[in-house]
Amino acid sequence: MADVVAHKLLRTFFRRSFWITVILALILSVVVPLIIYRYHLHQYQVESAALLHRFIEKEICFSPHDLLENPKSLEATVSNINVFMEFGDLVEFKLWSADGTLIHAYRASELVGHRFPGNERLMETVRTGRTFVEIEDTRDSENLNLKEFGTLVEMYAPVFVNGKVQGAVEVYRKAPKFELLTGHIVLVVSIAIVIFLLLYFLLYGRFKAAATSLIDYDEKLQDAYRSLGLSYFDTIRSLIKALELRDMETEGHSERVVAVSLYIGERLGIPEDELDKLVLGSYLHDIGKIGVPDSILLKPGGLTPEEGAVIRSHVEKGLEIIGTIEFLRPAAEVVRYHHEKWDGSGYSAGLKGTEIPLAARIFSVVDVFDALISNRPYRSPISFEEAKAMILAGRGSHFDPQVVDVFMEIGREEFEALKKEIAGCGIHHTVNAAVENILCRLNVTGTEMKRGV
């Protein structure tokens, strides 16, 4: 069993780890190239601006406006520009005078001689002497003639002559293309997946052995907790038996009320966890009477008000006993509220109606019925039919009507068969099963069990 669980655990772990690796690799294959591209694009812009500055400093020695008056100088400058355009993916070169007149254009030669005072970037370059580099989308109307080149790096750089800005150049250079799956990115992703697969095959055996050991240890620990819990309960059972031996006339009372309460609970269709509470609470309902003196518990006559208060204190005493053990606490509902009445006249909280937990309402009917048909120090038992009649008379005042209706379906023959079964088999297996179920739900830890001691 542990080996199967370990195999499933490991398979789930590695499968999820694999998909996490794949997802992260895919994310990185997009994010990393984008980051690298942004960085390279920035470096490309810096390098482009530096390249342009070097060309201007070496090859443009006259004011652009003066070049118009000196054809030979203009021809030499244009020749230098044409040579410059043969390198570095340059696609356009415009030379401007300070007043916004286009002196030369590598491609748009038809615009030469025109003034464009509305070119804000050009005017800002001439005014401030700063260089501007940015990415240009060639789909706009200004650069439709460059659309075929795609995304470009646009540069405006000033032309200095004798320390003063005499004009500017406007240059466009092809921007590097973004590639999602470059060779080195594919290589990195592939290496990550291969490393994962290698780790899977190399470490699977070790992980499986470790997981199996942990699961075995956990199962043994849980078995130890259950055994310890049942040992605690055996001690409690001994207290219950000691309590019944104090008053031989109540012997078997705890077992009978458990069986009948379970019978009613099942027919009411209450959930399994509530049935377990009902079984455990029914078995432990009077454990607090351990602290009641024999002189009061076994008194044959009526009790004084003070003695009655001592008897009623068995509820708090019972809660004190079970409250120190974690897995017995679900029994508290029955122990605390089994003397409450439907009309609110019971004790110790004075609850009424559905304020009283269902398990306590069920047990209240069964407890009173079994007391009526049993010998007590203060009175003789009554017949089965008389006891049922008294329960019916308390319907809606002492007892929950719905619980009474189910209880009334129990016939004498069925009740006698139930008693005979209890006498032959006991009720311990039912109580033990409830205890084990509660222990499993609580998932009791070693610390909690130790605290229960």
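The values are calculated or read from the model by the stated rules, or taken from the named source; none is laboratory data. A quick note: this is a predicted structure, and the numbers were derived from the prediction, not measured. All Cβ positions, glycine included, derive from the backbone under ideal geometry; neighbour counts span all protein chains shown. We work out accessible area using only protein heavy atoms, side chains counted, and drop any ligands, DNA or RNA first. Shrake-Rupley method; radii C 1.70, N 1.55, O 1.52, S 1.80 Å.
Values computed for the structure shown
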| read-out | value |
| --- | --- |
| Residues of segment 49-105 satisfying the condition of being without any contact (Cβ under 8 Å) to a residue 60 or more places away in the chain, in contact with a helix residue (DSSP H, G or I) (Cβ under 9 Å, 6 or more places away or on another chain) and assigned to a loop (DSSP other than H, G, I, E, B) | 68, 87, 99, 100 |
| Residue selected from segment 386-410 under the condition without any contact (Cβ under 8 Å) to a residue 24 or more places away in the chain, part of a helix (DSSP H, G or I) and of a type outside the set (Gly, Ala, Ser), by the criterion farthest from residue 344 (Cα to Cα) | 386 |
| Close pairs (9 angstrom Cβ cut-off, 6 or more residues apart or separate chains): modelled with pLDDT under 70 in segment 175-203, open to solvent by 100 Å² or more (accessible area, probe 1.4 Å) anywhere | 185/179; 189/26; 189/181 |
| Subset of segment 292-306 [open to solvent by less than 40 Å² (accessible area, probe 1.4 Å) and either in a helix (DSSP H, G or I) or charged (D, E, K, R) (or both)] | 296, 297 |
| Hits in segment 349-380 (condition: open to solvent by 30 Å² or more (accessible area, probe 1.4 Å), assigned to a loop (DSSP other than H, G, I, E, B) and farther than 24 Å from residue 330 by Cα) | 373, 375, 377, 378, 380 |
| Scope segment 290-335; condition within 24 Å of residue 358 (Cα to Cα), of a type in the set (D, E, K, R) and out of contact with any Gly (no Cβ under 8 Å at 6 or more places or on another chain); matching residues | 312 |
| Test: residue 68 is open to solvent by 70 Å² or more (accessible area, probe 1.4 Å) and at pLDDT below 85 | yes |
| Segment 44-95: number of residues that are charged (D, E, K, R) and under 60 Å from the mean Cα position of the chain (by Cα) | 3 |
| Filtered residues of segment 309-329 (kept if surrounded by fewer than 18 Cβ atoms within 10 Å (Cβ to Cβ) and touching a Phe, Trp or Tyr at 6+ places or on another chain (Cβ under 7 Å)) | 312 |
| Members of segment 13-39 found to be surrounded by 15 or more Cβ atoms within 10 Å (Cβ to Cβ) and under 30 Å from residue 129 (Cα atoms), listed by number | 37 |
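Every residue, every condition in (1) buried (at least 17 other Cβ atoms within 10 Å of the Cβ); (2) more than 20 Å from residue 68 (Cβ to Cβ); (3) modelled with pLDDT of 85 or more, yes or no:
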| position | (1), (2), (3) |
| --- | --- |
| 120 | no, yes, yes |
| 141 | no, yes, no |
| 144 | no, yes, no |
| 152 | yes, yes, yes |
| 155 | yes, yes, yes |
